[in-house]
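Asker: Input: one structure, supplied below.
The values are calculated or read from the model by the stated rules, or taken from the named source; none is laboratory data. A quick note: this is a predicted structure, and the numbers were derived from the prediction, not measured. Here the Cβ positions follow ideal geometry from the backbone for every residue, glycine too, while neighbour counts run over all protein chains shown.
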Amino acid sequence: MTTDATGLATADATGAAEAAGAAEAGPGDGLLPAADPDPDPASVLADIAGMLRELLAEYGLDDAEIARETTFHDDLELESIDLVGLSGALREHYGDRVNFAAFIADLELDEIIALTIGQLVDYVVDSLRATTTTDPTATTDATDPTDPTDLTAATEATTSPSPTEQD
């Protein structure tokens with residue numbers, strides 16, 4: 001933000017472009033905004049609570065208390081099909097950054113039965129933090145001549161003299 005001659009705050013061109021890009025991008029469309037470098041557990045809890053309220057509304061339980069210590073099985077009485085629905089909602093909201101199915105697959109049956117909202121929140125926060133520490137645009141000095149997207153390797157391969165040309 002910058003200020004104009006009157007001292008009022010205005011968005012600079014970069015901020016406006018970023019805001020427009022974030023407004024156009026949405027969950028599930030492959031154009032997710034950049035991951036929050038430090039996701040807030042309270043915000044993640046609120047997101048998950050909203051998803052669960054939508055699921056619970058089908059049973060008329062949309063007013064159920066949802067807190068970190070709330071269990072999926074005993075407190076919310078969710079069935080496995082409800083967990084599938086939650087998995088879809090998480091994927092729609094967070095994209096591929098959060099893989100609930102993989103999280104559940106690593107648990108034993110008694111751990112799934114005792115699973116709390118807080119454990120899921122912690123998993124989501126950790127997953128989001130992990131995706132922000134991995135920079136998909138990072139490059140290395142190594143080139144791969146078999147990679148058609150690696151233009152450096154392709155250029156070197158076409159400009160290097162062949163063994164017969166050297167003779």
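Asker: Determine if region 66-73 includes at least one residue that is farther than 22 Å from residue 91 by Cβ, aliphatic (A, V, I, L, M) and at pLDDT 90 or above.
Answerer: Yes - at least one qualifying residue is present in region 66-73.
Asker: Look through region 69-95, keep the residues that are in a helix (DSSP H, G or I) and acidic (Asp, Glu), and return whichever of them is farthest from residue 46 (Cα to Cα). Steps first, please.
Answerer: Here is the first cut: in region 69-95, the ones in a helix (DSSP H, G or I) are 80-95.
The next check asks that each one be acidic (Asp, Glu); those that pass are 82, 92.
Numbers: 82: 18, 92: 16 Å.
Restricting to residues being in a helix (DSSP H, G or I) and acidic (Asp, Glu), the top hit is 82.
Asker: Then there's this: Taking region 101-119 as the search range and keeping residues that are closer than 13 Å to residue 73 by Cα and not in a loop (DSSP other than H, G, I, E, B), which one is nearest to the chain's Cα centre (by Cα)? Steps first, please.
Answerer: Restricting attention to region 101-119, the residues satisfying the condition of being closer than 13 Å to residue 73 by Cα are 109-117.
In the following step, the residues that additionally are not in a loop (DSSP other than H, G, I, E, B) were identified as 109-113, 116-117.
On the way: 109: 26, 110: 27, 111: 24, 112: 22, 113: 25, 116: 21, 117: 18 Å.
Among them, the one singled out is 117.
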